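Note sheet for the following structure.
What follows is calculated from the coordinates using simple rules that are stated; it is not laboratory data. Quick caveat, the model's predicted, so the values are computed rather than measured. Cβ coordinates were reconstructed from backbone atoms using ideal geometry, including for glycine residues, and neighbour counts include every protein chain displayed.
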Amino acid sequence: MKINIKTEDFKESELPKITKASECLRLVLSHPEFWERCSKIPYFELAGERSDWVRKSNDEIIEHIKSGSETLRPEVDNEVDIDLRIFNPSWRSRNVVGRTWTDVIWQEINRKFFNLYDFIKIAGNMFHEWLHKMGFHHDFRSTKMRKFSVCYRFQKEFLKFAYELYSMEASEVIEVKKKISFWSKVWRIVTFRW
Ligand SMILES: [Zn+2]
């Protein structure tokens with residue numbers, strides 16, 4: 001699939017990661033093996049889907065995703081069109097990785113996670129938010145069923161496949177977390193001293 005990404009509000013230094021994430025999306029979504037795996041996701045793992053797509057088969061869902069016919073831009077172009085914005089999180093949105101709304105064409109990514117995550121996880125989140133643009137929905141709250149939706153379950157398959165494809169482990173994220181805990185310790189020492 002062709003991937004078209006328009007960015008807004010990104011710093012110049014942040015753009016190379018977008019280029020890598022975009023290439024990752026292209027590689028995975030053009031790979032027949034990825035779709036083959038998606039077609040084998042058991043029904044109950046998609047039973048938490050909250051759109052009408054819950055009644056459709058995996059193959060129908062996949063056909064729709066490949067059509068690139070987004071709810072707000074319904075022409076069938078077989079392309080992934082993403083208008084991506086970045087936001088600086090507030091206290092309330094500090095744990096939101098990405099977000100979008102049904103009445104806008106853009107989707108957003110949290111700058112905190114954008115810096116923490118490797119390009120594969122960024123691509124995974126972009127895919128998740130774009131699936132909302134394709135008309136898929138999940139529980140808003142963190143319910144038991146939320147992960148059994150098209151957005152979450154296909155994102156999971158995407159990440160698994162991408163890490164295999166790049167022969168990478170999700171280590172970048174863990175390393176950054178370690179660095180953060182190191183600095184937060186230093187911070188604590190410094191603050192206790194004063
Ligand atoms: Zn979502």
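Looking at the square roots a ≥ b ≥ c of the eigenvalues of the Cα gyration tensor of the stretch 2-168, which shape do they give, rounded for a/c under 1.5, prolate if a/b is larger than b/c, or oblate?
Values: a/c = 1.43, a/b = 1.27, b/c = 1.13.
Rounded.
Where both partners of a DSSP beta bridge lie in the chain, what percent of those bridges are antiparallel, to the nearest 5?
Numbers: 4 of 16 bridges.
Percentage antiparallel, nearest 5: 25.
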Rounded FRET efficiency, nearest 0.05, which uses the C-beta distance separating residue 93 from residue 8 and R0 of 22 Å: 0.80
Förster radius 22 Å - calculated FRET efficiency between residue 60 and residue 37 (Cβ-Cβ, nearest 0.05): 0.85
Listed residue pairs exceeding 30 Å between alpha carbons, taken from 11/40; 11/56; 56/121; 121/144: 11/40; 11/56
Range in the chain, longest, excluding exposed GluC sites (Glu not before Pro) [loop by DSSP; at most 16 other beta-carbon atoms within 10 Å]: 76-168
The chain - mean residue ellipticity at 222 nm from DSSP helices (-39,500 (n - 2.57) per run, n ≥ 4, rounded to 500): -15500 deg cm²/dmol
The stretch 104-166: trypsin sites (Lys or Arg not before Pro) in DSSP loop, at most 12 other beta carbons within 10 Å: 141, 144
Of 35, 101, 91, the one that fluctuates the most in a GNM where the chain has Cα springs shorter than 10 Å: 91
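Hey, with R₀ at 35 Å, roughly what FRET efficiency would residue 141 and residue 115 work out to, going by the Cβ-Cβ distance, to 0.05? Don't skip to the answer; put the middle values down first.
Values: r = 27 Å, r/R0 = 0.76.
The computed FRET efficiency comes out at 0.85.
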In the stretch 1-108, the trypsin sites (Lys or Arg not before Pro) that fall in loop regions by DSSP, at most 14 other Cβ within 10 Å: 11, 40, 92, 94
Mean separation of Cα contacts under 8 Å, 6 or more apart, over the residue count of the stretch 28-141: relative contact order %: 27 percent
Using θ = phi - 60° and Karplus 6.51 cos²θ - 1.76 cosθ + 1.60, couplings along the stretch 82-95 (whole Hz; Gly, Pro as x): 10, 9, 10, 10, 10, 10, 8, x, 8, 4, 5, 9, 5, 9
